[in-house]
Amino acid sequence: MTSLDQVVATFASHLRSARHVVTLTGAGISAESGIPTFRDAQTGLWSHFNPEELASPAGFARDPALVWRWYAERRVKACAAQPNPAHYALAQLADLVPQLTLITQNIDGLHQRAGSRNVIELHGSLHRARCTVDGSIHSTWDYEEELPCCPNCGGLLRPDVVWFGEMLPRAALETAWAAALNCDVFMSIGTSGVVEPAASLPRIALSRHATVLILNLEQETAARPPLFTIYGKAGEMLPQLVAAAFHQ
Ligand code: NAD
């Protein structure tokens, strides 16, 4: 048995006996679906723009058409992408444990397309727009418009995502916090763990003596010593963990 096999087998035994599993996912879980992580985006097409220009209230006020173009491109890419085995493994896990809370920082909607229900979206969604005037939420809008308008009041719509300097949706954050406090197994998957407050969730779970797993492609400098670490692809390791816990 390699040390990786040992970690998988030991963590799988915790998973098998868990009452409440919390999973926190980040951009890394969608990397194998071809969606660039935050870091990849820094080397891609939009690398010459400062993220604060594209993802902040001030940037939107300065140039809303530029911001809409960026989000429109990301939405089209997310729609063209397919969920990968990691998304499907988490959807399957929900049917195998008594309680699963899936918290994501992603805005791509791939968990829902893999069949996960009640996904807690901490950073909003590419697939919704919000009116800057009346606050109404829209799941479709005129995608051809450079500056789409609210069908209710004619106000300017904006992507329903959380931008730099903005508060996270309160209900989502409270649910995520309570789940981290009350779970017995916590899995952090494909997130560099530097964006607060999501980055605190594994620490909260650890402080309550939950079994915590960090699954990432590579070791992150910001990682605190957790109980279990696996460095590998989520699309390979998550199906393996679920199989080791429930199908062997
Ligand atoms: P991040 O880019 O900072 O970190 C990605 C992490 O995933 C890294 O630790 C990396 O090692 C790991 N990773 C990469 N490929 C992996 C794989 N195949 N399997 C397992 N791990 C893998 O992303 P973040 O931590 O989510 O935080 C950045 C912010 O960027 C978030 O707020 C998020 O909202 C946003 N974002 C979202 C998306 C999306 O919706 N898919 C894409 C880009 C950025």
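Values in this text are rule-based calculations from the coordinates and carry no lab data. All values derive from a computational prediction rather than experimental measurement. Counting neighbours? That spans all protein chains shown, and the Cβs are built from the backbone with ideal geometry, glycine included.
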* Asked: Given springs between every Cα pair under 10 Å in a Gaussian network model of the chain, which of GLY109, GLY232, GLY193 has the largest fluctuation?
  -> GLY232
* Positive-end residue of LEU213, ALA61, ALA80, charge dipole of the chain with Cβ unit charges -> LEU213
* Structure fact -> The rounded separation in angstrom of the Cα centers of the stretch 113-138 and the stretch 86-101 is 21
* Asked: Using the alpha carbon gyration tensor of the stretch 129-248, what are the three equivalent-ellipsoid semi-axes (square root of 5 times each eigenvalue), largest first, in whole Å?
  -> 37, 18, 14
* **28 Å tail of the calculated P(r), the chain, as % of Cα pairs** => 33
* Considering amide H positions built from the backbone, and no H for Pro or chain starts, which residues 5 or more places from LEU168, or on another chain, come under 5 Å of its amide H? -> none
* Structure fact -> Rounded to a whole number, the Stokes-Einstein D of the stretch 1-107 in µm²/s (Kirkwood radius over Cα pairs; 37 °C; 0.692 mPa s) is 198
* Structure fact -> Bridge orientation stat for the chain from DSSP, antiparallel percent rounded to 5, came to 25
* Asked: Can you run phi through the Karplus equation (6.51, -1.76, 1.60; θ = phi - 60°) for the stretch 116-124 and list ³J(HN,Hα) in whole Hz, with x for Gly and Pro?
  -> 6, 10, 6, 6, 8, 9, 6, 10, x
* In the chain, which cysteines lack any other cysteine Cβ under 4.7 Å from their own? -> CYS79, CYS149, CYS153, CYS183
* Among THR2, PHE38, GLN112, whose Cα lies farthest out toward the positive end of the dipole of the chain, if unit charges sit on the beta carbon of Lys, Arg (+1) and Asp, Glu (-1)? -> THR2
* To do: Report, in debye and to the nearest 20, how large the dipole of the chain comes out about its Cα centre when Lys and Arg carry +1 and Asp and Glu carry -1 on their Cβ.
  => 580
* Given H placed on each backbone N at 1.01 Å, which residues far from ARG128 in sequence or on other chains put an amide H within less than 5 Å of it? -> ASP160
* Taking only C-alpha pairs under 8 Å that are 6+ residues apart, what is the relative contact order of the chain in percent? -> 26
